[in-house]
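To start, the structure itself, in structure tokens.
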2 protein chains.
Amino acid sequence: MKPAHIAETEDCRQISQMLSRVGDKWSMLVVTYLGEEGMRFSELRRGIGNISQKMLTTSLRNLERDGFVKRTVLPTSPPRVDYELTDLGRELLVPVAGLADWTRENVHRIETARKEYDLLHKP
Amino acid sequence: MKPAHIAETEDCRQISQMLSRVGDKWSMLVVTYLGEEGMRFSELRRGIGNISQKMLTTSLRNLERDGFVKRTVLPTSPPRVDYELTDLGRELLVPVAGLADWTRENVHRIETARKEYDLLHKP
């Protein structure tokens with residue numbers, strides 16, 4: 001009954017957990033922004049726009065823990081904190097960009113499907 | 001300051017929203033299971049394992065609304081409800097499988113990064 005390619009439950013759990021992390025909208029935005037160049041916390045926050053300081057801090061910490069982002073504290077006054085993608089983060093960008101491109105190309109089909117669904121399922 | 005490829009905020013919001021949906025662990029599992037063959041609700045629930053009835057219902061409804069999954073009620077007694085991927089859902093599987101494959105191949109690097117991070121940031 002269980003498809004062969006997701007037969008290993010532990011493997012499957014790790015992958016779905018990872019996809020949850022990668023699919024998190026703020027993490028995705030951070031990784032995409034850092035794909036261009038290293039940035040300071042304040043630059044990232046300004047660039048992304050409507051993200052809270054707390055949420056950006058959490059996203060960056062998770063991405064750093066997973067090995068996708070490197071955090072560097074420069075001994076200036078006040079200390080300057082830079083973030084950049086690691087090699088692993090740059091590798092991750094490839095399949096993520098594939099998914100983002102697919103979504104960009106198909107967003108209108110998804111929106112059309114939603115409108116049709118909502119018309120059929122009016123309260 | 002803002003990278004050119006995510007300059008369009010509305011576009012960007014739609015994509016990050018879509019990636020959140022696709023990255024949702026239960027949605028991912030459902031799409032992957034249905035990639036093999038159409039299934040009944042009970043088969044899906046048994047196959048996926050530790051998913052609640054409510055969560056599976058919600059995931060399937062979201063995927064149906066987005067146009068990825070087709071729901072068919074067969075007039076048996078009791079009524080039988082089948083789920084299968086639409087053409088759009090099958091197309092989505094391609095980049096999703098790319099990301100899943102990348103994750104499968106790199107899960108040990110991510111785990112190593114987490115262990116190193118946790119050692120450095122012990123409470």
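Test A:Glu111 against the criterion of being surrounded by 15 or more Cβ atoms within 10 Å (Cβ to Cβ), at the interface with another protein chain (Cβ under 10 Å from one of its Cβ atoms) and among the charged types (D, E, K, R), and give yes or no.
So A:Glu111 does not fit the description; no.
Exactly one of these conditions fails for A:Asn50: (1) within 11 Å of chain B (Cβ to nearest Cβ); (2) over 30 Å from B:Gly67 (Cβ atoms); (3) not in a helix (DSSP H, G or I). Give me its number.
(2) is the only condition that A:Asn50 fails.
Has the stretch B:93-108 got any residue that is more than 8 Å from every other protein chain (Cβ to nearest Cβ), in contact with a Ser or Thr (Cβ under 9 Å, 6 or more places away or on another chain) and small (Gly, Ala, Ser)? Give the derivation first.
Restricting attention to the stretch B:93-108, the residues satisfying the condition of being more than 8 Å from every other protein chain (Cβ to nearest Cβ) are B:93, B:97, B:105, B:108.
Restricting the remaining residues to those that are in contact with a Ser or Thr (Cβ under 9 Å, 6 or more places away or on another chain) gives B:93, B:97.
With small (Gly, Ala, Ser) added as a condition, the list becomes B:97.
Checking the stretch B:93-108: at least one residue is more than 8 Å from every other protein chain (Cβ to nearest Cβ), in contact with a Ser or Thr (Cβ under 9 Å, 6 or more places away or on another chain) and small (Gly, Ala, Ser).
Can you tell me which residue among A:Lys70, A:Lys122 is closer than 24 Å to B:Asn62 by Cβ and of a type in the set (Lys, Arg)?
A:Lys122
Being more than 7 Å from chain B (Cβ to nearest Cβ) and touching a residue at least 24 places away in the same chain (Cβ under 8 Å) is true for just one of A:Leu56, A:Leu74, A:Leu119. Which residue is that?
Matching residue, one of A:Leu56, A:Leu74, A:Leu119: A:Leu56.
Do you know which residues across the stretch A:29-41 are part of a helix (DSSP H, G or I) and either modelled with pLDDT under 90 or within 14 Å of A:Phe68 (Cα to Cα) (or both)?
A:Leu29, A:Val30, A:Val31, A:Thr32, A:Tyr33, A:Leu34, A:Gly35, A:Glu36
Among the residues of the stretch B:53-85, what is the count of those that are in a helix (DSSP H, G or I), of a type in the set (Lys, Arg) and in contact with a helix residue (DSSP H, G or I) (Cβ under 6 Å, 6 or more places away or on another chain)?
Of the residues in that region, 1 qualify.
The values are calculated or read from the model by the stated rules, or taken from the named source; none is laboratory data. Keep in mind that this is a model prediction, so the values were computed, not measured. Using ideal geometry, Cβ is built from the backbone for each residue, glycine included, and neighbour counts are taken over all protein chains shown.
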